[in-house]
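K.L.:
Sharing a structure, written as structure tokens. Questions coming.
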């Protein structure tokens, strides 16, 4: 008996990735696809320009799209692939109506009583759900996952916390799929780098403090670290790459960092990769084209760990629409099933 | 009466750029092209796969290539576009034989009595020439220009020195032309980022300290700053982009930094751009494809100057084979003519 | 005393190219920039995202945009960079009001009394202007230039007509700039080829017959040739490449074809290239990145002329937004000035 | 009991693809990897820069490479991924020594007594094996598969033969992986098209005549068709795209062609795709990035079937290193097992 799940914003790039990852999922079964007004009543297979692989999964081709309204959605969990402004209005309607909302949207990530969760990092923040339901008198609730660039970064910062992490500088080289479709014009990015992504640096600087923060039984106390980000778009289809500098309160060696990465535990969930962090020793890895599908896109790959005058620097790569978006929401939902929250 | 100049290593990518920039130069005239053994005696126009523009300049098509040996080279200045290991052997032979060697090679950059010069930054280091000639008993001498990534960076660091610059972190996104030809295989870089360039980070971390150092009448005292670099190759033909974090000994505002950049003086040399640093206010500039040819490739373009918890961050872009290589050597030679060193 | 010219649709990609090419034009001076409703009254320099080079020409930065209405446009010639549907309505209003309309739009290209002109190919078709004015009772008139892919092709077909050209097959590999801005999404074309361009094959198959046709004093009799096109988009910024097969009524040799190309006469107009067709003998030319700027983008470059079982095949490359669009319209206007039609 | 297979030239791009496709093969098991002199005795996992996916299969990592000499190779079948000049010398040594050589090299493709086979097209040509063995007195034999571009093309030509195929013109847009590694320099292909691939047009024009020819019991009578090819390299990682014009002896409709493609039978071999030719009806398909992995890279995808003045034109895409190289040789070997030739 699989759990019925719906996708809100099913026609966009992340929406399609949700659909792709949910095909043949052992625990979940797509029961509804919700889309914007103009697409309601239309058949998913006729309406959507399928972009994430050669062929759309057969199981969704004949689904008639429904409105983004709890009344029309038959599901236990709704995955939200909505743009932030739409999510802001739509998601509370679903949680109020008793749905579990597992959201990739940024709208509620930084709200005090909404968990911002990466299962391997801060599953204990799910306790905020009770706070949220009490505060708001809702039957359902919203659980969010971080921004794609934040996720890759924080997966590597978590094991560094106990080494005395103090501050982080990160320069990202982000893939085109992160901007959706049509997204970045080819004329803008061919033979080029665009050193700006709207709103991104702010998210990468703020979200990690919440995720790495301590839940005190009532709220999350932000982690006492500082992050400074510089975000850039490069001509890569999928896979974000980040150059990270981390400073510590004490002297830390390359081997300690490598070991901390290697020791990060994977959870035993359907979408969990065998290894959360894969450390590569080659001098020129990770690379997005070669490493983005590691662990079916759910691992992050780290390399070039080296020491500088102040601390450590390294490179991390991960799949931005799998581990960084749809896969992140699905993993959160799996965690909630396992923890019997759903 | 133009000064006769030769190019050593004239067939490679940087060698071709020297040839291109020297065509119609107001002060210089190509009198010899020197190449490796197997090409000696061959005609430049027949032998070279011309890559830097549609057509090879007519003035060099019929030149017969000579050996990299002072005996066969009729010139006052030799520009060196040699790989480091070859430069190490060849350049001293020319300086010993009385030639002025203006070198883009890395072999002698960090040697104590060899000037490492960016005209707008440390022209006073040319005084090392006298030290060098005395030390070595040479009639000629070697003057070097920095690594391409270093040049863009240091042009922006120079005006920050008097604001109390303390430390620098830089993530580069470097163009393909910097790796020469054949250089980076297309299979390696298409839909990809390569987070490693052999030897590059070391150069970017050490060269700035010498360039920004003080000449004490005898040697250069390295500048008391620290640089940490992370260097990456991206799918861009020409133009390096660098994300820079700078920390200061005191609190510094965005406006001060912008003003310091704007005030950087250009020299009145034939290859000097009107503005050394062009500051762009658009939120998404500089971009290599749009900005690499600013000032005929001799300006660097800066944008996105912003404050973080510790200091300032910004983006700088410049043309790696013009301002960052051949144009840098030529500008050094022009400076020496103007200063009557030649 | 320069002729006053306006650009209709001045903010788009081709509009910007018109502005760029008209800066410092010896005969023309931009007197007005017309744009769509929502931009009227706004300042060009504030409103336009300049895409065709680093910096917008200073002479247009402060121009206030006017409506696409003859009443508000002070000019002798209007260059039309409008999309076809808008051109269909707007261009006749200008010609009726006495303006010379030099149009890059497709709306009127195939209309019987409208000249479709490439100056080096069929300048005699300008005699249709009198027919047009008479037919329509207009003071002004419309002159069009062909589709970008057609122009490259027909410039090479013209000299083959007297060798007995019978039929043409052409496979195009077209640049991204031809689709305007935002145009082709990067997610659609990165690591990809799109074997379809809306409406393109039809234009490439029909326009050449009119251009190469004979003007009988009253109308154009289409040339008795057949063209079959297959049009594809590739990841190139500027410059279309076409693989062409031509069959003849008689046996034709490679040398005859090369000679016919070489002998094509350039006109003595300000935008004329020194050579209309540049024939390259290297085995791997022409290439769009290397050859698109030949003759300031107004030459086409041909190579790989070879014989097959039926006829000849060759490759042609040209700059799609210069020779293939804005430059084509400007060259037509220059021709009309020289022929004293204006 | 799996059949033991060796790969000759195991370190190159196609060699790696053989290794990848042979991992977990139901009938074959890699028993030896042969490489050039300088690599003999070295461990595959240490020596090879693995390029075709993130991780090298575990089963080959510890294999010590052996010389390309029958004495040192323990296997029943050898797959040859050798360059043509090496294949010319090495392959006969193996066939003489009794090995079955399934070769992707071009050296023996056009030799009279060597089968050039695509299983779905001309399996009956395998009867040439007996002729070959008799002619040469060999215990083993050589079976070849065509050039990558030829394979995609001929898979679509085969079903057209009975519609009265007369002549073919094909313009290819070929992927970078086809040139091996390092292959095409990034500086040569970025923002560019290279309209030349050494030797390719000749292969594409000659091989189809042999493959589509009739085996008369003794030799192959070439098919009475004519092919003219224009081959171009584009910036695509994997997947060749071909624009094809086919003329017939009679009038042929789009629907007949589509039906002929759809009806092409797949064989029941381990590497056979469910459908040999997938016909897509969308106006802009096939596209290499979306369609290259159809049928695990063993299908070809056809679209845009349309009529012109003389016949039919269409687009075909396929994976050049799977269906076009390593997968083609493996499919041939599977066929020979099934037909009990091995």
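The values are calculated or read from the model by the stated rules, or taken from the named source; none is laboratory data. Bear in mind that the values here come from a model prediction, so they are computed numbers and not experimental data. Counting neighbours? That spans all protein chains shown, and the Cβs are built from the backbone with ideal geometry, glycine included.
K.L.:
Would you tally the residues in the stretch D:213-242 being free of Cβ contacts under 8 Å to residues at least 40 places away in the same chain and either buried (at least 22 other Cβ atoms within 10 Å of the Cβ) or part of a helix (DSSP H, G or I) (or both)?
P.N.:
Within the stretch D:213-242, residues that are free of Cβ contacts under 8 Å to residues at least 40 places away in the same chain and either buried (at least 22 other Cβ atoms within 10 Å of the Cβ) or part of a helix (DSSP H, G or I) (or both) number 0.
K.L.:
Look at the stretch B:85-107 and say how many of its residues are within 14 Å of the chain's Cα centre (by Cα) and over 19 Å from residue B:339 (Cα atoms).
P.N.:
Of the residues in that region, 4 qualify.
K.L.:
Here's a follow-up. Can you tell me which of (1) touching a residue at least 60 places away in the same chain (Cβ under 8 Å); (2) within 17 Å of the chain's Cα centre (by Cα); (3) under 26 Å from residue B:279 (Cα atoms) is the one residue C:16 doesn't meet?
P.N.:
Result: residue C:16 fails condition (1) only.
K.L.:
Output the residues belonging to the stretch B:235-262 that are in contact with a helix residue (DSSP H, G or I) (Cβ under 7 Å, 6 or more places away or on another chain) and either under 22 Å from residue B:331 (Cα atoms) or at pLDDT below 95 (or both).
P.N.:
Within the stretch B:235-262, B:238, B:239, B:240, B:241, B:261 qualify.
K.L.:
Any residue at all in the stretch C:158-168 that is within 24 Å of residue D:196 (Cα to Cα), touching a residue at least 40 places away in the same chain (Cβ under 8 Å) and outside any helix (DSSP H, G or I)?
P.N.:
Within the stretch C:158-168 (the criterion being within 24 Å of residue D:196 (Cα to Cα), touching a residue at least 40 places away in the same chain (Cβ under 8 Å) and outside any helix (DSSP H, G or I)), the answer is yes, since at least one residue qualifies.
K.L.:
Has the stretch A:26-42 got any residue that is farther than 25 Å from residue A:179 by Cα, in contact (Cβ under 8 Å) with a residue 60 or more places away in the chain and over 20 Å from the mean Cα position of the chain (by Cα)?
P.N.:
The answer is yes; a qualifying residue exists.
K.L.:
What number of residues in the stretch A:6-20 are surrounded by fewer than 24 Cβ atoms within 10 Å (Cβ to Cβ) and assigned to a helix (DSSP H, G or I)?
P.N.:
Result for the stretch A:6-20: 2.
K.L.:
So, in the stretch C:178-212, exactly how many residues are in contact with a helix residue (DSSP H, G or I) (Cβ under 7 Å, 6 or more places away or on another chain), in a helix (DSSP H, G or I) and within 11 Å of chain D (Cβ to nearest Cβ)?
P.N.:
2
K.L.:
As an exercise: evaluate residue A:250 against (1) farther than 26 Å from residue B:247 by Cβ; (2) more than 14 Å from chain B (Cβ to nearest Cβ) and give the number of the one condition it does not meet.
P.N.:
The single condition residue A:250 does not satisfy is (1).
K.L.:
Continuing with the same structure: Among the listed residues B:260, B:326, identify the single one that is over 30 Å from residue A:224 (Cα atoms) and buried (at least 23 other Cβ atoms within 10 Å of the Cβ).
P.N.:
B:326
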